[in-house]
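Undergrad: The structure's right below; bear with me while I get my questions together.
Taken together, the values in this text are just the output of simple stated rules run on the coordinates, not laboratory data. Source: prediction; values computed, not measured. Note that each Cβ is placed from the backbone with ideal geometry, even for glycine, and that neighbours are counted across all protein chains shown.
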Amino acid sequence: MGTLLYGNPGIVISFDDRALMHLQIVISTKLRRRESFVFTWTDSADEGSGRSAIWLDPTSTLYYRYFGCHTPSINRDWIETLMLSANSTGGLVLIAEPEPAPPALSKTRR
């Protein structure tokens with residue numbers, strides 16, 4: 001279970017390491033472009049099963065802390081879906097990871 005620390009002093013937000021890696025890619029891309037947006041997620045049962053949101057802008061103080069030492073593999077479909085969400089008027093919403101698309105079959109000419 002990784003954590004995202006937001007602000008100074010930091011608000012601690014817990015996510016699965018795999019989800020956190022995908023969020024880091026999307027959030028970093030948006031902030032590198034100097035784009036501000038809202039990030040929303042569903043809280044765990046331990047947190048009351050509610051919903052939380054934060055405003056992110058290029059001046060936001062963020063710290064990503066991963067529990068595991070291995071970098072998770074990247075699901076490009078998930079990145080694309082999260083990026084589409086982040087670019088919408090509703091902002092970035094953390095959704096469950098979609099199944100990876102099957103590899104395209106290559107056709108060989110004879």
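Undergrad: Return one number: the angle in degrees, 0 to 90 and rounded to the nearest 10, between the long axis of the Cα atoms of helix 76-86 and the longest principal axis of the Cα atoms of the chain.
TA: Orientation of helix 76-86: about 40 degrees from the principal axis.
Undergrad: Separate question: Tell me, rounded to the nearest percent, the portion of alpha carbon pairs in the chain spaced more than 19 Å apart.
TA: 49 percent
Undergrad: For helix 17-32, report the angle its Cα long axis makes with the longest principal axis of the Cα atoms of the chain; keep it between 0 and 90° and round to the nearest 10°.
TA: With rounding to tens, the tilt is 80 degrees.
Undergrad: When DSSP beta bridges are limited to those with both residues in the chain, what percentage is antiparallel, rounded to the nearest 5? Could the numbers behind the result be given before it?
TA: Values: 15 of 17 bridges.
About 90 percent, rounded to the nearest 5.
Undergrad: When the dipole is taken about the Cα centre of the chain, and only Lys, Arg (+1) and Asp, Glu (-1) are charged at their Cβ, what size is it in debye, to the nearest 20? Please list the in-between numbers first.
TA: Working: 11 positive and 11 negative charges, 153 e Å.
I would put it at about 740 debye.
Undergrad: Loop-only check: which trypsin sites (Lys or Arg not before Pro) in region 1-97 are DSSP coil with at most 16 other Cβ within 10 angstrom?
TA: Listed in order of number, the matching sites are R33, R34.
Undergrad: Loop-only chymotrypsin sites (Phe, Trp or Tyr not before Pro) in region 4-87, please: DSSP not H, G, I, E or B, and at most 14 other Cβ atoms within 10 Å. Write out the running numbers ahead of the final one.
TA: Working: sites: Y6, F15, F37, F39, W41, W55, Y63, Y64, Y66, F67, W78; in loops: Y66, F67.
Passing both the DSSP loop test and the Cβ count: F67.
Undergrad: Moving on to the next point. Could you check the simple spin-label distance between R34 and L5, using points 7 Å along Cα→Cβ, in nm with one decimal?
TA: Label-label distance for R34 and L5, simple model: 2.8 nm.
Undergrad: Moving on. With contacts defined as alpha carbon pairs under 8 Å and 6 or more residues apart, what's the relative contact order of region 2-93 in percent?
TA: Value for region 2-93: 36 percent.
Undergrad: Most mobile of D16, D57, D46 per a Gaussian network model of the chain (Cα springs, under 10 Å)?
TA: Most flexible of the set in this elastic network: D46.
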